[in-house]
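Read through the structure below, which is laid out as structure tokens, and then see the notes.
The values are calculated or read from the model by the stated rules, or taken from the named source; none is laboratory data. Bear in mind the structure is a predicted one, so any value in this text is a computation, not a measurement. Because the Cβ atoms are built from the backbone with ideal geometry, glycine has one as well, and the counts that use them run over all protein chains shown.
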Amino acid sequence: MPRLPTVDEVWPLVPRTHRRSLAEWTRLNREIDRCRRCPLGDLRAHPAIHRGSLRPRVLFVGEAPGAAEDRAGLPFVGAAGKRLDQLIHGVGLLESEFAVLNVIKCRPPQNRFSLEAAEACRPFLARQIEFLQPMMVVTLGVSALSAFRPDLLPMTAAAGHISRWRGLRFFPMIHPAAAARSLGFLRRWKRDGKTLASILARLGAA
Ligand code: URA
């Protein structure tokens, strides 16, 4: 059985004092657009880089774009995105208060999460978080959680629990697509959504 990497091996410290310029964000987006660090860059129509605020309080991080996202060049605009948007509006976040992105920027074939692509995208994800400086990161699904905190797995234990991490608040949830697959997951999605809403209300973010 391969050893799980430690958090320090997986994730560098994210500095939150960084001064941000729009030129920097544009440069990052252009680099992602041109990226060929893994084979997915030649297979996708468009990378799905980011949607939402550039000053989010809450950052939702999913796994990888699907067909709808590949066409639109935006994360979470298909069926899973509709469920996520319902949750976001349900917890009371305004458009200016949240952003959505993925661990992997380009669509993998058969929508299979690729560790090679996640590794290639990791510096982009780190720079996105460094730029956006959210107050809270909400990971969506096992692969998104594993990209940050493999030490918190399994998902059934991690989902719905807030922790402090690298100067951020960290809240794992199951993937919205999983909520469409079983009643048990749907209940879990809704329950953890309520927990998130009460945490945000307490923190004054919503
Ligand atoms: N699933 C994801 O993890 N991300 C998307 O953008 C769409 C579906």
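Would a scan of the range 165-172 turn up a residue that is more than 22 Å from K105 (Cα to Cα) and at pLDDT 95 or above?
Within the range 165-172, one or more residues are more than 22 Å from K105 (Cα to Cα) and at pLDDT 95 or above.
For the range 111-165, please list each of the helices (runs of 4 or more DSSP H) lying entirely inside it that holds at least 1 residues being within 13 Å of the ligand (Cβ to nearest atom). Show your work before the answer.
Values: elements: 115-132, 142-148, 155-158.
Once the helices (runs of 4 or more DSSP H) in the range 111-165 are filtered for at least 1 residues that are within 13 Å of the ligand (Cβ to nearest atom), what remains is 115-132, 142-148.
Does L93 satisfy the criteria of being over 11 Å from the mean Cα position of the chain (by Cα), aliphatic (A, V, I, L, M) and either in a helix (DSSP H, G or I) or under 18 Å from G160 (Cα atoms) (or both)? So that I can check it myself, show each step before the final result.
Numbers: over 11 Å from the mean Cα position of the chain (by Cα): yes; aliphatic (A, V, I, L, M): yes; either in a helix (DSSP H, G or I) or under 18 Å from G160 (Cα atoms) (or both): yes.
Spelling it out, L93 is indeed over 11 Å from the mean Cα position of the chain (by Cα), aliphatic (A, V, I, L, M) and either in a helix (DSSP H, G or I) or under 18 Å from G160 (Cα atoms) (or both).
Identify, please: which residue in the range 58-112 is under 17 Å from A177 (Cα atoms) and charged (D, E, K, R) and is, among those, surrounded by the most Cβ atoms within 10 Å (Cβ to Cβ)?
Once the filter is applied, the top-ranked residue is E69.
Restricting attention to the range 167-174, does a residue exist that is out of contact with any Ser or Thr (no Cβ under 9 Å at 6 or more places or on another chain), surrounded by fewer than 17 Cβ atoms within 10 Å (Cβ to Cβ) and of a type outside the set (K, R)? Full working, then the answer.
So the first thing to find is which residues in the range 167-174 are out of contact with any Ser or Thr (no Cβ under 9 Å at 6 or more places or on another chain), and the list is 167-168.
With surrounded by fewer than 17 Cβ atoms within 10 Å (Cβ to Cβ) added as a condition, the list becomes 167.
Checking which are of a type outside the set (K, R) leaves us with 167.
Looking through the range 167-174, at least one residue is out of contact with any Ser or Thr (no Cβ under 9 Å at 6 or more places or on another chain), surrounded by fewer than 17 Cβ atoms within 10 Å (Cβ to Cβ) and of a type outside the set (K, R).
Kindly establish whether S96 is more than 16 Å from the ligand (Cβ to nearest atom), of a type in the set (S, T, Y) and touching a strand residue (DSSP E or B) at 6+ places or on another chain (Cβ under 9 Å). Walk me through how you get there before you give the answer.
Details: more than 16 Å from the ligand (Cβ to nearest atom): yes; of a type in the set (S, T, Y): yes; touching a strand residue (DSSP E or B) at 6+ places or on another chain (Cβ under 9 Å): yes.
Taking the combined requirement at face value, the residue satisfies it.
So, in the range 56-77, how many residues would count as being near the ligand (Cβ under 6 Å from one of its atoms) and either in a loop (DSSP other than H, G, I, E, B) or over 18 Å from D33 (Cβ atoms) (or both)? Talk me through it step by step, then tell me what you get.
Initially, the range 56-77 is screened for residues near the ligand (Cβ under 6 Å from one of its atoms), giving 62-66, 69, 75-76.
Filter once more, keeping what is either in a loop (DSSP other than H, G, I, E, B) or over 18 Å from D33 (Cβ atoms) (or both): 62-66, 75-76.
Summing the residues that are near the ligand (Cβ under 6 Å from one of its atoms) and either in a loop (DSSP other than H, G, I, E, B) or over 18 Å from D33 (Cβ atoms) (or both) in the range 56-77 gives 7.
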